[in-house]
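The values are calculated or read from the model by the stated rules, or taken from the named source; none is laboratory data. The structure presented is a predicted model; accordingly, all values stated were derived computationally and were not measured. All Cβ positions, even for glycine, are placed from backbone atoms using ideal geometry, and neighbour counts span all protein chains on display. Keep in mind that these areas ignore ligands, DNA and RNA; they rest on the heavy atoms of the full protein, side chains included. Shrake-Rupley method; radii C 1.70, N 1.55, O 1.52, S 1.80 Å.
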Amino acid sequence: MVVAPNMSVGVNVVIGIAAELARKLGPDFDVEILEAHHHKKKDSPSGTALKLAQEIAQATGRTGESFKTAREGQVGERPRGEIGIQALRGGDVVGEHTVFFFGEGERVELSHRATSREHFARGALRAAAWLHGKAPGLYDMRHVLGFA
């Protein structure tokens, strides 16, 4: 079985690359994840945003304790190692995810924007084709795309 919070091939490639970027950039870069979805979405942050944060955390030796999903009021300086996750809701946005890596004097941004839901089905079909002939077990899109 292939399980993933998002079956889009593109967003799963972004997740894999984001983890690698975090590893390469190192601890001097602050990580923030911004996601946007339609106004009818029930959960926040999205499962995809959380998966991005989890993969970045794993790649850099952090835990879920480093996740910060809201900032309000006098929060003080940003703690080193924090992974911020912010959510926007509005209109008919299918799904957008951007990972920001903020350094001193430079910034790296990695984004994926979904404009239709068809790509979820295409990703599921790709995962099913990859799964054919595999040993019984639990897999995710990292396996399908060669990141695991």
Exception for D92 within (1) over 16 Å from the mean Cα position of the chain (by Cα); (2) in contact (Cβ under 8 Å) with a residue 24 or more places away in the chain; (3) open to solvent by less than 70 Å² (accessible area, probe 1.4 Å) falls at (3)
Picking from Q54, Q74, the residue that is among the polar types (S, T, N, Q) and either at pLDDT below 95 or farther than 19 Å from P27 by Cα (or both) would be Q74
Of the residues in region 44-63, those that are open to solvent by less than 60 Å² (accessible area, probe 1.4 Å) and touching a strand residue (DSSP E or B) at 6+ places or on another chain (Cβ under 9 Å) come to P45, S46, T48, A49, L50, L52, A53, I56, A57, T60, R62
Going through region 33-80 in order, the residues found to be acidic (D, E) and within 24 Å of V3 (Cα to Cα) are E35, D43, E55, E65
**Study point:** A127 vs. criteria within 20 Å of E20 (Cβ to Cβ), assigned to a helix (DSSP H, G or I) and open to solvent by less than 40 Å² (accessible area, probe 1.4 Å)
**Key:** no
- Message: A87 - would you say it is aliphatic (A, V, I, L, M), touching a residue at least 24 places away in the same chain (Cβ under 8 Å) and open to solvent by less than 20 Å² (accessible area, probe 1.4 Å)?
- Response: no
Filtering region 13-24 down to residues that are crowded, with 17+ Cβ neighbours inside 10 Å and closer than 15 Å to Q58 by Cβ yields I15, G16, A18, A19, L21, A22
